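Participant: So that we are looking at the same thing, I have put the structure below in structure tokens.
The values are calculated or read from the model by the stated rules, or taken from the named source; none is laboratory data. Bear in mind that the values here come from a model prediction, so they are computed numbers and not experimental data. All Cβ positions, even for glycine, are placed from backbone atoms using ideal geometry, and neighbour counts span all protein chains on display.
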Amino acid sequence: MMIQSAKPSTLGSVIQLYRGAHVIQAKVVWRHGSRTGLQVDDGLPVEEILTQGPAPGLQITAVDSQLVDRRGSPRSAEANRWRGRAIEFCGTAFIAVALCAATLAMLEEAFARPMALVERALDL
């Protein structure tokens, strides 16, 4: 989200926005003039915040603590690459098996009729 503030915030700092009963904790990810871009990890109750009516200004407070990553340890780029390759391999293998099965069924049907004619001719 973007806010406009007369007080500049440093990149990477954590700020808190207070709006009624809502407290929004966000990290500063970009800054341009008086505009500041914030990253919020939790969902925002936008409708509840907007229905509280106009506010003279939002109070911004800096927090000294770092953001806690609740998703666990992030995977490395190499781990993501291997996971993507495995998914691609499984998809390709599934398509190859399906095409082989369809080809086998078509060949069986194509040879079934002539073989039936040969069997009838040999029984005479």
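Participant: Would you confirm, using the coordinates I've provided, whether Arg81 is modelled with pLDDT of 90 or more, basic (Lys, Arg) and farther than 30 Å from His22 by Cα? Lay out the reasoning, then the answer.
Facilitator: Working: modelled with pLDDT of 90 or more: yes; basic (Lys, Arg): yes; farther than 30 Å from His22 by Cα: yes.
In short, yes.
Participant: Give the residue, chosen from Pro114, Pro56, that is loosely packed, with under 10 Cβ neighbours inside 10 Å and modelled with pLDDT under 85.
Facilitator: Working: Pro114 fails: modelled with pLDDT under 85.
Being loosely packed, with under 10 Cβ neighbours inside 10 Å and modelled with pLDDT under 85 holds for just one of Pro114, Pro56, which is Pro56.
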